[in-house]
Number of protein chains: 2
Amino acid sequence: MTRKPTKAALPSAIRAGAKDPARSKEEAPASSRATRAAERRAAIVEAAMDEFIARGFAATRLDDIAKRAGVAKGTIYLHFKDKESMFEELVRIVIVPVVARLTALPPPAGSVRDLIEAFASSFLKEVIGTRRGDLVRLIVAEGPRFPSVADFYYREVVSRGIAAMRALIELGIARGEIREKDLARYPQILVAPAMIAVIWQSLFARHAPLDAQEMLRVHLDLIFGERRTT
Amino acid sequence: MTRKPTKAALPSAIRAGAKDPARSKEEAPASSRATRAAERRAAIVEAAMDEFIARGFAATRLDDIAKRAGVAKGTIYLHFKDKESMFEELVRIVIVPVVARLTALPPPAGSVRDLIEAFASSFLKEVIGTRRGDLVRLIVAEGPRFPSVADFYYREVVSRGIAAMRALIELGIARGEIREKDLARYPQILVAPAMIAVIWQSLFARHAPLDAQEMLRVHLDLIFGERRTT
DNA sequence: AATCTATGACTGACTAGTCAGTCATAGTCA
DNA sequence: TGACTATGACTGACTAGTCAGTCATAGATT
């Protein structure tokens with residue numbers, strides 16, 4: 001309410017003046033206002049992602065996000081309504097492009113096993129052991145407290161993934177590659193080891209490293225029968 | 001964070017000195033003091049469990065735990081050093097009896113499939129969809145921030161579980177019940193759908209209920225071949 | 001009475017969110 | 001082009017509120 005804008009303004013002015021040249025130096029391309037704003041927003045998202053993954057929602061301090069993003073705390077509130085909606089929006093921002101990429105399925109050439117192996121391979125590279133994998137763990141962790149996040153994740157990722165897997169399984173059954181017909185009723189079984197690998201890497205990799213690739217191969221052998229020699 | 005302002009050490013020193021004689025002397029009159037203390041402690045554990053599961057570690061308030069346990073806040077500090085060690089101890093307290101019960105395996109009679117089905121059945125009843133299942137999710141959530149919890153959980157639950165499953169799988173292979181020999185290298189595959197079921201119940205049951213029992217049956221069909229008619 | 005246990009008001013460290021003020025850039029005019 | 005104004009992105013000190021942990025006091029037990 002009552003402000004004392006007298007002396008407090010002085011040091012801030014000095015610091016601001018000294019800080020900006022240093023920063024503009026590291027950002028090589030001369031940027032328009034809109035561009036800079038977008039960059040800052042991206043930096044905040046990036047920093048928030050790291051902090052939320054490392055500490056969880058409640059334990060994350062906005063001051064830390066701001067510091068990591070090289071931004072003042074107030075700036076965060078120019079881009080996001082509050083901590084909670086920042087978290088929710090963050091999940092959307094990070095997940096949407098991943099879904100977009102994975103939805104662009106490879107052309108339906110080759111056997112079903114080849115398709116699924118291609119899928120597993122990109123999942124391995126893009127999710128397991130990466131920050132995106134940590135994000136999955138974060139959603140599992142915070143989901144119950146953020147129903148909107150859990151809903152979004154179910155709608156955009158889980159239900160689509162399950163549907164896609166079911167379609168592949170049904171194709172595999174129709175072609176005689178997959179024997180177990182009931183598998184189409186529980187595509188979760190197909191995906192389960194991949195999810196376990198994600199969680200394992202976050203929690204137990206230090207104790208017992210897991211060769212996720214090899215594990216997925218064994219799992220596919222289980223479903224399709226022994227590996228064919230290509 | 002945690003301050004150590006001298007006096008806190010005093011009562012603990014007194015108690016340590018009085019502990020051993022007290023036990024031998026007061027074992028017979030079981031009803032009053034020791035019993036009440038144990039009951040209070042149990043109530044605190046119970047309440048803390050609910051709160052931590054519902055809110056996560058950081059967002060849980062000790063005032064709420066105290067209120068739910070019907071106890072004053074100070075009482076909590078008569079039983080636990082601080083919030084953090086309370087959480088760690090809580091996990092131990094809840095998990096140890098479960099491990100103890102599951103480790104008491106049924107006698108090795110019948111087929112390997114029967115053994116594993118018995119195992120799955122009790123897991124279904126005792127973990128999936130119960131508060132213990134939520135505890136598993138809680139560990140996944142808080143594990144990275146509580147290495148000691150993750151370590152403990154790996155040592156007491158995961159490594160033992162994996163070893164037990166591996167032994168069963170090897171037995172199954174030796175008896176010709178299981179065809180896929182590499183499965184013994186990744187017992188995680190055997191357990192993965194059960195874990196997925198636990199997580200699914202917490203996050204997505206509202207959107208798409210999952211018949212965990214039936215899913216596990218299909219999974220075992222996949223590993224052992226079609227169900228035999230008993 | 002002496003000793004142990006429980007209480008809950010209290011303290012102080014910490015943090016989400018605010019807002020008056022700053023300044024680089026965009027826009028306008030001569 | 002050069003000078004002058006307008007804009008709004010950005011800052012960070014500050015406020016109001018929260019909550020882990022403490023301790024003087026009351027109560028129970030032996």
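The values are calculated or read from the model by the stated rules, or taken from the named source; none is laboratory data. These figures come from a predicted structure and were not determined experimentally. We place every Cβ from the backbone using ideal geometry, glycine too, and count neighbours over all the protein chains shown. Note: areas computed on protein heavy atoms with side chains; ligands, DNA, RNA excluded. Shrake-Rupley method; radii C 1.70, N 1.55, O 1.52, S 1.80 Å.
Only protein atoms count toward the accessible area here, which uses a 1.4 Å probe; on region B:86-224, the carbon and sulfur part of that area reaches 59 percent.
For region A:124-226, the equivalent ellipsoid derived from the Cα gyration tensor has semi-axes of 26, 20, 9 Å, listed largest first.
Compare each residue of region A:176-201 in its chain alone against the assembly with all protein chains, and report those whose accessible area goes down by 30 Å² or more; 1.4 Å probe, heavy atoms. Relative to the lone chain, where solvent access is computed with a 1.4 Å probe, region A:176-201 loses at least 30 Å² at A:GLU180, A:ASP182, A:TYR186, A:GLN188, A:ILE189, A:ALA192, A:ILE196, A:ILE199, A:TRP200.
Placing a label point 7 Å from the Cα of A:LEU124 along the Cα-to-Cβ direction, the residues of region B:158-199 with a backbone N closer than 20 Å are B:180-193.
Chain A against chain B buries an accessible area of about 4200 Å², both chains summed, 1.4 Å probe radius.
Let me confirm one metric for peptide A:206-212, namely the mean number of other chain beta-carbon atoms within 10 Å of its residues' beta-carbons. Walk me through the numbers before you get to the answer.
Numbers: counts 4, 6, 4, 0, 2, 2, 2.
The per-residue average across the peptide is 3.
When only Cα pairs below 8 angstrom with a gap of at least 6 residues are kept, region B:27-96 shows a relative contact order of 30 percent.
In a fully extended conformation the segment linking A:VAL96 and A:ARG36 would gain 19.3 nm over its present Cα-Cα distance, using 0.36 nm per residue.
Here A:ALA205 yields copy-to-copy label distances, from shortest upward, of 3.1 nm, the label point defined as 7 Å from Cα along Cα to C-beta.
Could you give the Stokes-Einstein D for region A:26-80 in µm² per second, using the C-alpha Kirkwood radius, 10 °C, 1.306 mPa s? For these conditions, the coefficient is 137 µm²/s. What are the label-to-label distances in nm, one decimal and shortest first, from B:ARG175 to the same spot in the other copies, with labels 7 Å along Cα to Cβ? For B:ARG175, the other copies' label points sit at 3.6 nm, shortest first.
How big is the C-alpha Rg of region A:171-220 next to the rule-of-thumb value 2.2 N^0.38 Å, as a ratio? Kindly include the intermediate steps, with their values, before the conclusion.
Numbers: Rg = 13.7 Å, N = 50, 2.2 N^0.38 = 9.7 Å.
Rg over 2.2 N^0.38 Å, computed on Cα atoms: 1.41.
Contact order for region B:97-230, expressed relative to its length and based on alpha carbon pairs under 8 Å spaced 6+ residues apart, stands at 30 percent. Averaged over its residues, region A:26-80 has an accessible area of 55 Å² per residue, based on protein heavy atoms and a 1.4 Å probe. Please give the FRET efficiency for A:ASP211 paired with B:ALA109, using the beta carbon to beta carbon distance and R0 = 60 Å, rounded to the nearest 0.05. With R0 = 60 Å, the Cβ-Cβ based efficiency is 0.95.
Here region A:205-226 is scanned for amide nitrogen atoms under 16 Å from the site 7 Å beyond the Cα of A:ARG175 along Cα-to-Cβ, giving A:220-221, A:223-226.
Residues of region A:137-156 that bury at least 50 Å² of accessible area once all protein chains are present, compared with their chain alone (1.4 Å probe, heavy atoms only, ligands and nucleic acids left out), are A:ARG137, A:VAL140, A:PRO144, A:ARG145, A:TYR154. Residues in region B:135-191 average 41 Å² of solvent-accessible surface per residue, probe 1.4 Å, ligands and nucleic acids excluded. In nanometers and ordered shortest first, the copy-to-copy spacing of the A:LYS73 label point, defined 7 Å from Cα toward Cβ, is 2.2. Sparse packing (at most 15 other Cβ atoms within 10 Å of the Cβ) combined with a DSSP loop state is found for the following trypsin sites (Lys or Arg not before Pro) in region A:163-203: A:ARG175, A:ARG179.
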